[in-house]
């Protein structure tokens, strides 16, 4: 009977060590995947930052050109917006 319990105990130890190795492998794979995802997100963020900066430069240049081409209408637009903001601020 002791031999039977020893055999069962031995099988349980083998199964436990196999399960532990499997879990260790899965954890290693998950860590590698997280590292890859982190690199991807970082690359996407860097690209998005470059696109936003480029768009901001284009919009700024367009605004400057419009101010140079139409200074009077630009001043009137600014005065109108300021007047509306002033009205809203008084409430």
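Read the figures in this text as sums done on the coordinates, not as results from a lab. What you are looking at is a predicted structure, and each value in this text was computed from that prediction instead of being measured. Cβ coordinates were reconstructed from backbone atoms using ideal geometry, including for glycine residues, and neighbour counts include every protein chain displayed.
Quick check: residue separation of residue 78 and residue 9 times 0.36 nm, minus the Cα distance between them. What number comes out in nm? Taking residue 78 through residue 9 to full extension adds about 16.4 nm, to one decimal. Estimated from helical segments only, the mean residue ellipticity of the chain at 222 nm is -36000 deg cm²/dmol, where each DSSP H run of four or more residues counts as -39500 (n - 2.57).
Full-extension gain between residue 21 and residue 85, please, as 0.36 nm times their residue separation minus the C-alpha to C-alpha distance.
Working: separation 64, 0.36 × 64 = 23.04 nm, distance 6.69 nm.
That works out to 16.4 nm of additional length.
How fast does the range 28-68 diffuse by Stokes-Einstein, in µm²/s, taking the Kirkwood radius from C-alpha pairs at 25 °C and 0.890 mPa s? Mind dumping the intermediate values first?
Details: Rh = 12.5 Å.
D = 197 µm²/s.
Give the label of the value calculated from the structure for Cα Rg over 2.2 N^0.38 Å, choosing from (i) 1.46; (ii) 2.76; (iii) 0.95. After the calculation, the listed value that fits is (ii).
Relative to the longest principal axis of the C-alpha atoms of the chain, give the angle of the C-alpha long axis of helix 2-69, reported between 0 and 90° and rounded to the nearest 10°. The helix 2-69 is inclined about 10 degrees to the chain.
Extending 7 Å from the Cα toward the beta-carbon at both residue 38 and residue 58 defines two label points whose distance is 3.4 nm.
In the chain, the longest principal axis of the Cα atoms and the axis of helix 71-90 are about 70 degrees apart.
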